[in-house]
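Here's the structure, in structure tokens; my notes come after.
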Amino acid sequence: MLDLSVYEKENRFLEGTGSIIFDHKSKKAYACISPRTDQALFISTCELLGYQPISFHANDSDGKAIYHTNVMLCIAEHFAAICLESISNEEERMHVIESLTESGHQIIEISFAQMYHFAGNMLALESNDGRPLLALSQTAFTSLTNDQKDKIEQHNTLVPLAINTIETIGGGSARCMIAEIFLHSR
């Protein structure tokens, strides 16, 4: 168990499953730095877990720091849905693109409008029989273009969920509601 709670006293955080998006296949981790995602904690956590840290700064369309990486990035086995326009620093943007591409991910760019409709807050899952799925809200599904859906469906079955209450009152979406479990079957 990795307990980072001691850093709360210093106002340094890595909040829940939203701060870090793990690419388990390539052993890389992505984080947009914000008051809720501390860069030094991110790097040290990656070192402890054996992941390569990829950090960057991302802002919404008003220039405000995006608080969690899962707002603007979803990584599945073969693709990454990402709001590239939120990464205004050209060098950081190119680093993220290169990292995702060299890991074999097809980049599916989402817009700010789609990001606001939770298209970054999707989660790749696997069914009991091994089929790749993508959990996303109905809101996110509706915001995606047919071309984006076609690209995703080349790899994952889309599973839209009607979770308006969570999105409206809770402020999160599909990925926020699901905990990933990587235990092997007994």
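The values are calculated or read from the model by the stated rules, or taken from the named source; none is laboratory data. Source: prediction; values computed, not measured. Cβ: placed from backbone, ideal geometry, glycine included. Neighbour counts: every protein chain shown. SASA here: full protein model, heavy atoms, side chains in, ligands and nucleic acids out. Shrake-Rupley method; radii C 1.70, N 1.55, O 1.52, S 1.80 Å.
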Restricting the search to region 13-40, which residues are farther than 16 Å from residue 172 by Cβ, out of contact with any Pro (no Cβ under 6 Å at 6 or more places or on another chain), buried (at least 20 other Cβ atoms within 10 Å of the Cβ) and among the small types (Gly, Ala, Ser)? 31
Please go through region 102-118 and pick out each residue that is in a helix (DSSP H, G or I) and more than 16 Å from the chain's Cα centre (by Cα). 102, 113
The one condition residue 56 fails out of (1) touching a Lys or Arg at 6+ places or on another chain (Cβ under 7 Å); (2) free of Cβ contacts under 8 Å to residues at least 60 places away in the same chain is (1)
If I filter region 41-88 down to residues being aliphatic (A, V, I, L, M) and part of a strand (DSSP E or B), which single residue comes out as surrounded by the fewest Cβ atoms within 10 Å (Cβ to Cβ)? 65
Which one is surrounded by the most Cβ atoms within 10 Å (Cβ to Cβ), of the residues in region 130-142 that are at pLDDT 95 or above and more than 21 Å from residue 18 (Cα to Cα)? 132
Collect the residues in region 144-165 that are closer than 16 Å to residue 76 by Cα, β-branched (Val, Ile, Thr) and open to solvent by less than 60 Å² (accessible area, probe 1.4 Å), keeping them in residue-number order. 152, 159
Reported set for region 166-177 where residues are within 16 Å of the chain's Cα centre (by Cα) and open to solvent by 50 Å² or more (accessible area, probe 1.4 Å) is 176, 177
